[in-house]
Number of protein chains: 2
Amino acid sequence: MRTGPHNGSESVADLGEFGLIRRLTDGRPQPAVTLLGPGDDAAVVQAADGRVVASTDVLVEGVHFRLDWSTPEQVGRKAVAVNLADIAAMGAIPTAVLVGIACPAKTAASMIDDLVGGLWQEAAKVRIGVVGGDVVNAEHLVVSVTALGDLEGRPPVTRGGALPGDVLAVCGRLGWAAAGLAVLGRGFRSPVTVVAAQRTPEPPYAAGPQAALAGATAMIDVSDGLLADLGHIATASNVAIDVQSDLVEVPQRLVDVSTALGADARHWVLTGGEDHALAATFPDPRGVPDGWTTIGTVTRGNKVTVDGARYEAPGGWQHWSR
Amino acid sequence: MRTGPHNGSESVADLGEFGLIRRLTDGRPQPAVTLLGPGDDAAVVQAADGRVVASTDVLVEGVHFRLDWSTPEQVGRKAVAVNLADIAAMGAIPTAVLVGIACPAKTAASMIDDLVGGLWQEAAKVRIGVVGGDVVNAEHLVVSVTALGDLEGRPPVTRGGALPGDVLAVCGRLGWAAAGLAVLGRGFRSPVTVVAAQRTPEPPYAAGPQAALAGATAMIDVSDGLLADLGHIATASNVAIDVQSDLVEVPQRLVDVSTALGADARHWVLTGGEDHALAATFPDPRGVPDGWTTIGTVTRGNKVTVDGARYEAPGGWQHWSR
């Protein structure tokens with residue numbers, strides 16, 4: 001409700017395309033890195049070191065979120081968060097996001113206000129703005145976000161730089177979103193912490209540049225599940241990665257939830273996606289930065305193991321295989 | 001069919017998310033400006049002058065294109081073209097595109113191949129690459145493109161810099177897509193040139209930086225219709241713009257089509273959207289570059305007129321008002 005008084009029953013069709021776009025951006029302060037904000041054919045964003053990091057993710061109603069499980073605000077936060085996590089995983093700081101929203105014409109304008117509020121909330125966490133957007137008509141809600149970032153002069157930390165002898169460390173939550181999904185899937189709405197984790201990830205954005213500065217050789221954000229995403233590092237770096245399970249923290253809260261549901265909390269931690277923790281490899285165990293937990297080792301080979309053996313349970317999340 | 005032999009009846013679900021993303025990018029050469037291409041958490045693109053221009057547009061099946069009117073390849077070309085036109089309208093050269101594709105799991109893999117082929121075809125026109133992408137499940141086809149660009153050290157040409165005394169000029173096609181829409185809407189498939197213009201715009205990409213170098217004070221790409229988009233310049237610059245109708249070329253081909261359909265070709269030229277011509281204002285009539293046509297003047301005030309009078313027919317295109 002930022003662009004003046006309006007009737008609560010107003011729809012997206014009532015507002016019109018330009019009214020909607022104004023709602024996305026009017027009255028929102030832009031940071032200094034936004035050289036030209038929304039309202040023109042394109043935005044202009046600072047790219048201080050002569051390069052820009054860029055990533056796009058698309059979230060679809062009924063596939064990546066459910067509006068009976070998440071508020072529009074939570075969907076907005078999640079759409080930005082998953083993209084900012086990609087920027088962090090390169091070792092970069094975010095500089096801007098652009099947003100495309102497709103939704104039915106009958107959508108309540110207040111719903112779009114809430115969604116947009118969520119986008120801005122998550123962007124504000126890292127002091128960036130929504131610098132551009134498009135709002136179009138569609139049968140279902142689709143939110144597409146592109147995030148831009150700045151490597152601050154450093155080389156990008158890719159998935160391909162891990163070397164035998166490195167140690168593996170993680171930062172951020174693992175298994176929480178999977179636990180939340182299990183809870184919601186059984187028709188429950190609590191415990192609130194795990195349900196909130198499913199609705200909106202809390203990626204450790206600052207840990208990405210922190211790891212890069214500490215000499216991380218490879219990094220990825222855990223979107224598909226820890227073991228699945230370590231598989232991407234193993235493949236890209238042509239290394240083997242072994243996770244030592246007694247080093248992997250299984251939070252008591254997840255144990256409690258798994259016990260109640262007859263599930264396996266460790267399985268959530270090893271394979272659950274959508275938390276957007278960061279996993280990185282470092283050449284020196286003593287160089288692993290504060291806030292990161294060392295959980296494994298990198299050796300010659302090309303596979304991912306847990307305690308030296310292939311992990312038995314089914315792997316990560318693939319949209320198409322559901 | 002770039003990633004090896006496969007069965008023609010393969011669906012998107014058969015390929016899986018990662019198979020699809022590989023199809024978007026595998027075996028495609030990237031230009032030098034792509035410092036890190038697809039396959040990691042994010043791409044890294046050169047931003048030579050320390051800034052990046054960025055724009056997002058979303059195209060939805062049934063709203064922005066119809067798969068019974070356009071081939072998937074044409075849809076791919078259009079999705080990139082509308083974004084590259086936005087970059088050109090800032091006076092910038094394009095450097096990269098990122099693509100989000102949402103489509104039903106049952107979609108034929110060959111259809112996505114064709115769509116992706118179209119994306120790359122249009123990108124190749126300006127020697128850039130698709131540097132990142134996301135492919136997700138959805139009930140309808142939605143294509144979201146973000147284009148990045150480089151101002152080469154120049155200030156951006158916004159909508160807000162037009163001054164009384166400037167002249168107005170345009171470069172590129174006007175009215176062709178509207179004529180094509182009228183033809184397709186009556187169930188015809190020819191004349192081919194106007195139908196092709198509706199399926200895939202041909203924006204004059206190089207004319208954007210050319211106009212910037214020539215001192216353009218304001219610029220916009222004509223997506224909603226000439227008069228509607230001039231309205232955006234008039235509002236942003238707080239000027240009046242008068243189009244002199246005898247200077248506006250109405251191509252004979254459009255006259256022929258309009259006669260056959262009982263329509264008004266001049267109306268298509270003045271109000272038809274989706275051709276993505278460029279309209280710009282220049283301080284000096286002698287400074288209007290080659291390939292541009294001077295069609296009007298900028299004065300004090302805040303309106304858009306044709307031959308000094310308010311244009312009578314209905315204005316441009318708004319998605320929500322259909």
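State whether the residues of region B:86-94 include one that is more than 30 Å from B:Gly215 (Cβ to Cβ), outside any helix (DSSP H, G or I) and at the interface with chain A (Cβ under 10 Å from one of its Cβ atoms).
No - not one qualifying residue is present in region B:86-94.
As an exercise: evaluate B:Thr34 against (1) at the interface with another protein chain (Cβ under 8 Å from one of its Cβ atoms); (2) farther than 20 Å from B:Ala196 by Cβ and give the number of the one condition it does not meet.
Here B:Thr34 clears every test but (1).
Filter region A:78-108 down to the residues that are of a type in the set (S, T, N, Q) and at pLDDT 95 or above, then identify the one that is surrounded by the most Cβ atoms within 10 Å (Cβ to Cβ).
A:Asn83
Could we say that A:Val75 is in contact with a strand residue (DSSP E or B) (Cβ under 6 Å, 6 or more places away or on another chain), buried (at least 22 other Cβ atoms within 10 Å of the Cβ) and more than 30 Å from B:Leu278 (Cβ to Cβ) here?
yes
Which residue is farthest from A:Gly301 (Cα to Cα), if the candidates are limited to region A:202-237 and must be polar (S, T, N, Q) and within 14 Å of chain B (Cβ to nearest Cβ)?
My answer is A:Ser223.
Go through B:Leu174, B:Leu254, B:Leu151 for me and flag whichever is surrounded by 24 or more Cβ atoms within 10 Å (Cβ to Cβ), closer than 28 Å to B:Leu59 by Cα and under 14 Å from the mean Cα position of the chain (by Cα).
Step by step, each of B:Leu174, B:Leu254, B:Leu151 is checked, and only B:Leu174 is surrounded by 24 or more Cβ atoms within 10 Å (Cβ to Cβ), closer than 28 Å to B:Leu59 by Cα and under 14 Å from the mean Cα position of the chain (by Cα).
Need the failing condition index for B:Val52 against (1) buried (at least 24 other Cβ atoms within 10 Å of the Cβ); (2) in contact with a Phe, Trp or Tyr (Cβ under 8 Å, 6 or more places away or on another chain), just the number.
Looking at each condition in turn, B:Val52 falls short on (2).
Please verify whether B:Val44 is free of Cβ contacts under 8 Å to residues at least 12 places away in the same chain and either buried (at least 20 other Cβ atoms within 10 Å of the Cβ) or more than 10 Å from chain A (Cβ to nearest Cβ) (or both), treating the condition exactly as stated.
Considered against the rule, which asks whether it is free of Cβ contacts under 8 Å to residues at least 12 places away in the same chain and either buried (at least 20 other Cβ atoms within 10 Å of the Cβ) or more than 10 Å from chain A (Cβ to nearest Cβ) (or both), B:Val44 comes out as yes.
What number of residues in region A:230-281 are part of a helix (DSSP H, G or I) and either of a type in the set (Gly, Ala, Ser) or outside the structural domain of A:Val192 (by TED's automatic domain parsing) (or both)?
Final tally of qualifying residues: 8.
Report those strands (runs of 3 or more DSSP E) wholly inside region B:109-179 carrying at least 2 residues which are away from chain A (no Cβ under 12 Å) and either farther than 28 Å from B:Pro283 by Cα or in contact (Cβ under 8 Å) with a residue 60 or more places away in the chain (or both).
B:167-171
Among (1) assigned to a loop (DSSP other than H, G, I, E, B); (2) closer than 14 Å to B:Ser258 by Cα, where does B:Leu184 come up short?
(1)
The values are calculated or read from the model by the stated rules, or taken from the named source; none is laboratory data. Quick caveat, the model's predicted, so the values are computed rather than measured. Using ideal geometry, Cβ is built from the backbone for each residue, glycine included, and neighbour counts are taken over all protein chains shown.
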